[in-house]
Amino acid sequence: MSRKYVLIILLWSISLWAVGQVQEEKDWEISPDVHYRAFWMNTTYPGFDFRSDYALGMSLNLGAKLSYRKNWHFGVGYRMFGNVFSSEFWTPDPVSGRPSRYEPGLFDLKDPQDKFFGNLETRYLGYEGAKFGVNIGRMGIDQDWINAQDGRLAPTVIEGLHTWFRPDDRWKFSLWAINRFGVRGSSSFFKPGESIGLFPVGRSEQGSPSEYAGNTHSPWAGIVEIDRIWKEGWKLHYSNTMAANLFTTSMLQIEKRRKLENSSWVYGVQMGYQSGIGEGGDADPVVRYKNPDDRNYSISTRLLWKPRNWTLHVNYTHVDGKGRWLSPREWGKDAWYTFIPRERNEGNSQLDALTAHVAYRLKNIPMSFYTWGGLHWLPDLNDAQSNKYNMPSYRQINFGMKYQPENIKGLDVHLMLISKEPMDSEGLTNGQIFNKVEMLHFNAIVNWRWE
């Protein structure tokens, strides 16, 4: 084990010893921040000769949080990753000629064969008062288009500044200034432009393989947010996400919650607009990420009903305009109501998606079951300018189970089975099937947190 691993474990052990020493002082408090995750992933293609891939990965974050007078905070956490065993998912599938796009995300995207590595995941200093707060350093994030996308061994985190101001209980104003991204499954932090292209890059507007990986220039990203709450159950959320030299994306979300005697309803609408800015990542159109002339809009709606132990909602999204709606997959999942885990719909100029979700929580056992179903109509496969990832229109079904035992605090187990099928399988090539449709994908996740 290298000296840096020994050092971080030693520092964390000292912090735990210090808990008993300083908690007697009223002004100081130290608490551990430990997160263990085991993740089994398996991808198969029943009826096809594609290779089945699998991997069992484990990660352990060792950290601590030091608080002074409940306002000042300092946090640090070092995460270690291990590939317990797996298929050779980093090699091309013999039939399609492509590696898997799922299992590599568990490990180091720059070096997927690395069996053991680590990353200083969090390191921040912050102040939190009744009306104002600020954090600076490496920290978690969960915003509209930049978020944890917590579907692998570790979440995506950022390095930068986050500040917020709450003048009263109704209003909140937030600002994020991002200098670097710690993309999930990576061992390094990257400038915004450098982070784009770690995930599969799809096709250029001309139909050839995209070449923007390593050629995208964007020194910073930022988010401005406004939140407003009304007593009548109305809630407004506005965000503008800007990536220098790439794009700006605005999203307005309005929701109304109505409470009844034994149930509640939520009606929601999201309206989005995106445009390219600057050079789109590079002055050369052949290697740029985003066409500066792109102009897109979106509308997404939700109707949610919660009777007793049930949660049911139906969602619809429409995207249209000129050029592709793009949001780096390295930065987070889609913000639209129709998002279903393990697939995204950015990268298209037009989109219609209809999804439904049903979940039930048992009364006497801390266990819940859910299912997602969705129909996703994408642009024609031959239209590379409108369909970046060469993805056919598809239907997706997810089945899941979550369990949180009451006698083991901080433990939860999550099982999920995903099926994706094309709406029309006629004439599909191997490259339009592998990693995309005609597939079964299974996840088994064990989490344990000590905070």
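The values are calculated or read from the model by the stated rules, or taken from the named source; none is laboratory data. Quantities reported herein were computed from a predicted structural model and do not represent experimental measurements. Note that we place each Cβ from the backbone using ideal geometry, even for glycine, and neighbour counts take in every protein chain shown.
Answer with yes or no whether MET242 is in contact with a Gly (Cβ under 7 Å, 6 or more places away or on another chain), of a type in the set (A, V, I, L, M) and within 30 Å of SER264 (Cα to Cα).
Judged against the criteria, MET242 is not a match.
Which one of these is within 17 Å of PHE442 (Cβ to Cβ) and either in contact with a Pro (Cβ under 6 Å, 6 or more places away or on another chain) or at pLDDT 95 or above (or both): THR91, THR43?
THR43
On the basis of being touching a residue at least 24 places away in the same chain (Cβ under 8 Å) and outside any loop (DSSP other than H, G, I, E, B), does LEU415 make the cut?
Details: touching a residue at least 24 places away in the same chain (Cβ under 8 Å): yes; outside any loop (DSSP other than H, G, I, E, B): yes.
When the stated conditions are applied, LEU415 passes them.
For the stretch 278-314, which residues satisfy the criterion of being surrounded by 15 or more Cβ atoms within 10 Å (Cβ to Cβ) and closer than 12 Å to TYR212 by Cβ?
The answer is GLU279, GLY280, GLY281, ASP282, VAL287, ARG288, TYR289, LYS290, ASN291.
Find the residue count for the stretch 315-329, including only residues that are crowded, with 22+ Cβ neighbours inside 10 Å, under 18 Å from PRO379 (Cβ atoms) and touching a strand residue (DSSP E or B) at 6+ places or on another chain (Cβ under 6 Å).
The total comes to 3.
Report, by residue number, each residue of the stretch 83-99 that is in a strand (DSSP E or B) and either among the charged types (D, E, K, R) or surrounded by fewer than 19 Cβ atoms within 10 Å (Cβ to Cβ) (or both).
VAL84, PHE85
Taking the condition part of a loop (DSSP other than H, G, I, E, B) and in contact with a helix residue (DSSP H, G or I) (Cβ under 8 Å, 6 or more places away or on another chain), does LEU428 pass?
Spelling it out, it is not the case that LEU428 is part of a loop (DSSP other than H, G, I, E, B) and in contact with a helix residue (DSSP H, G or I) (Cβ under 8 Å, 6 or more places away or on another chain).
Just name the residue that is surrounded by the fewest Cβ atoms within 10 Å (Cβ to Cβ) out of those in the stretch 100-147 that are among the acidic types (Asp, Glu) and assigned to a loop (DSSP other than H, G, I, E, B).
Within the stretch 100-147, the match that is surrounded by the fewest Cβ atoms within 10 Å (Cβ to Cβ) is ASP111.
Looking at the stretch 63-78, is at least one residue in contact with an Asp or Glu (Cβ under 8 Å, 6 or more places away or on another chain), part of a strand (DSSP E or B), farther than 20 Å from PHE442 by Cα and of a type in the set (D, E, K, R)?
There is at least one residue in the stretch 63-78 that is in contact with an Asp or Glu (Cβ under 8 Å, 6 or more places away or on another chain), part of a strand (DSSP E or B), farther than 20 Å from PHE442 by Cα and of a type in the set (D, E, K, R).
Go through the stretch 329-358 and give me each residue that's closer than 21 Å to LEU198 by Cα, without any contact (Cβ under 8 Å) to a residue 60 or more places away in the chain and assigned to a strand (DSSP E or B).
ASN348
Going residue by residue through the stretch 291-309, is there one that turns out to be under 25 Å from the mean Cα position of the chain (by Cα) and touching a residue at least 60 places away in the same chain (Cβ under 8 Å)?
Checked against the condition, which is being under 25 Å from the mean Cα position of the chain (by Cα) and touching a residue at least 60 places away in the same chain (Cβ under 8 Å), the stretch 291-309 yields at least one hit.
Which is surrounded by fewer than 18 Cβ atoms within 10 Å (Cβ to Cβ), within 22 Å of TYR102 (Cα to Cα) and modelled with pLDDT of 95 or more, of ASN447, ASN398, ASN435?
ASN447
Could you give every pair whose Cβ atoms fall below 7 Å, whose first residue belongs to the stretch 214-241 and is without any contact (Cβ under 8 Å) to a residue 24 or more places away in the chain, and whose second residue is small (Gly, Ala, Ser) and assigned to a loop (DSSP other than H, G, I, E, B), counting only separations of at least 6 or pairs across chains?
GLY214/GLY197
Hey, among the residues in the stretch 401-412 that are among the charged types (D, E, K, R) and in a loop (DSSP other than H, G, I, E, B), which one's surrounded by the fewest Cβ atoms within 10 Å (Cβ to Cβ)? Before the answer, list the steps.
Pass one, the stretch 401-412, residues among the charged types (D, E, K, R): 402, 406, 409, 412.
So of that shortlist, the ones also in a loop (DSSP other than H, G, I, E, B) come out as 406, 409.
Numbers: GLU406: 8, LYS409: 11.
Ranking the qualifying residues of the stretch 401-412, first place goes to GLU406.
Conditions (1) touching a strand residue (DSSP E or B) at 6+ places or on another chain (Cβ under 6 Å); (2) surrounded by 15 or more Cβ atoms within 10 Å (Cβ to Cβ); (3) at pLDDT 95 or above, marked per residue:
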position: LEU351; (1), (2), (3): yes, yes, yes
position: VAL358; (1), (2), (3): yes, no, yes
position: LEU362; (1), (2), (3): no, no, yes
position: LEU378; (1), (2), (3): yes, yes, yes
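For the stretch 121-128, indicate whether the set of residues that are at pLDDT below 95 and either among the hydrophobic types (A, V, I, L, M, F, W, C) or out of contact with any strand residue (DSSP E or B) (no Cβ under 6 Å at 6 or more places or on another chain) (or both) is non-empty.
No: the stretch 121-128 contains no residue that is at pLDDT below 95 and either among the hydrophobic types (A, V, I, L, M, F, W, C) or out of contact with any strand residue (DSSP E or B) (no Cβ under 6 Å at 6 or more places or on another chain) (or both).
Mind checking whether some residue in the stretch 133-154 is more than 23 Å from ALA243 (Cα to Cα) and either free of Cβ contacts under 8 Å to residues at least 60 places away in the same chain or β-branched (Val, Ile, Thr) (or both)?
There is at least one residue in the stretch 133-154 that is more than 23 Å from ALA243 (Cα to Cα) and either free of Cβ contacts under 8 Å to residues at least 60 places away in the same chain or β-branched (Val, Ile, Thr) (or both).
What are the residue pairs meeting all of these: first residue in the stretch 423-451, first residue more than 24 Å from VAL413 (Cβ to Cβ) and in contact (Cβ under 8 Å) with a residue 24 or more places away in the chain, second residue of a type in the set (D, E, K, R) and part of a strand (DSSP E or B), Cβ atoms under 8 Å, and 6 or more apart or on different chains?
Qualifying pairs under 8 Å: MET423/ARG395; LYS436/LYS420; VAL437/LYS420; VAL437/GLU421; GLU438/LYS420; GLU438/GLU421.
Please work out which residue is surrounded by the most Cβ atoms within 10 Å (Cβ to Cβ), limiting yourself to the stretch 238-253 and to residues that are under 17 Å from GLY323 (Cα atoms) and among the β-branched types (Val, Ile, Thr).
Of the stretch 238-253, the ones under 17 Å from GLY323 (Cα atoms) are 245-250.
Narrowing the set further to residues that are among the β-branched types (Val, Ile, Thr) leaves 248-249.
Details: THR248: 16, THR249: 23.
In this case the residue turns out to be THR249.
Would you call TRP164 crowded, with 17+ Cβ neighbours inside 10 Å, on the phi < 0 side of the Ramachandran plot and either of a type in the set (Asp, Glu) or more than 16 Å from the chain's Cα centre (by Cα) (or both)?
Yes.
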